[in-house]
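Asker: Can you read through this structure? Questions will come right after.
The values are calculated or read from the model by the stated rules, or taken from the named source; none is laboratory data. Not measured: the values here are computed from a predicted model. Here Cβ is always computed from backbone atoms with ideal geometry, including for glycine, and neighbour counts include all displayed protein chains.
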Amino acid sequence: MYDWHQKSSELTPKRIEVYKRLGVEIPEPPSFDGDIQDILQTFYMAIKGRQYTDGQPLPISVRDITDVVSVHSIDVPRSVLDNIVFELDGILLSEQRKAKSDG
């Protein structure tokens with residue numbers, strides 16, 4: 001699912017040359033964990049289908065996750081996937097509520 005991400009973060013000869021000309025230290029390539037990337041991709045796709053009531057976002061449901069993994073299967077156990085997606089969603093909704101109350 002995330003081949004484009006891994007390829008876009010590679011240090012190509014052109015990028016290395018740009019870093020050298022700018023006098024910038026060449027960074028270490030980022031580590032890549034396919035399972036984490038798949039979980040994040042599932043989360044992002046699930047929140048695109050988020051339901052709203054009176055303009056307020058509802059938490060992601062098991063059905064939202066099921067809709068995503070039925071089209072884009074991943075190798076992460078479903079119980080692990082659900083727990084992580086629900087936690088990420090809780091963090092996102094909490095931050096959105098905080099931003100609304102501060103702004």
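Asker: So, in region 37-65, exactly how many residues are surrounded by 17 or more Cβ atoms within 10 Å (Cβ to Cβ), without any contact (Cβ under 8 Å) to a residue 24 or more places away in the chain and not hydrophobic (A, V, I, L, M, F, W, C)?
Answerer: Number of matching residues: 1.
Asker: From (1) more than 19 Å from the chain's Cα centre (by Cα); (2) at pLDDT 90 or above, pick out the condition that doesn't hold for Pro27.
Answerer: Only one criterion in (1) more than 19 Å from the chain's Cα centre (by Cα); (2) at pLDDT 90 or above is unmet by Pro27, namely (2).
Asker: Looking at Ile60, Ile65, Ile36, which is the one that is within 20 Å of Leu92 (Cα to Cα), touching an Asp or Glu at 6+ places or on another chain (Cβ under 7 Å) and either at pLDDT below 90 or not in a loop (DSSP other than H, G, I, E, B) (or both)?
Answerer: Ile65
Asker: Examine region 26-36 for a residue that is loosely packed, with under 12 Cβ neighbours inside 10 Å and of a type in the set (Ser, Thr, Tyr), and state whether such a residue exists.
Answerer: First pass over region 26-36, keeping only residues loosely packed, with under 12 Cβ neighbours inside 10 Å: 26-33.
Remaining after also requiring of a type in the set (Ser, Thr, Tyr): 31.
Checking region 26-36: at least one residue is loosely packed, with under 12 Cβ neighbours inside 10 Å and of a type in the set (Ser, Thr, Tyr).
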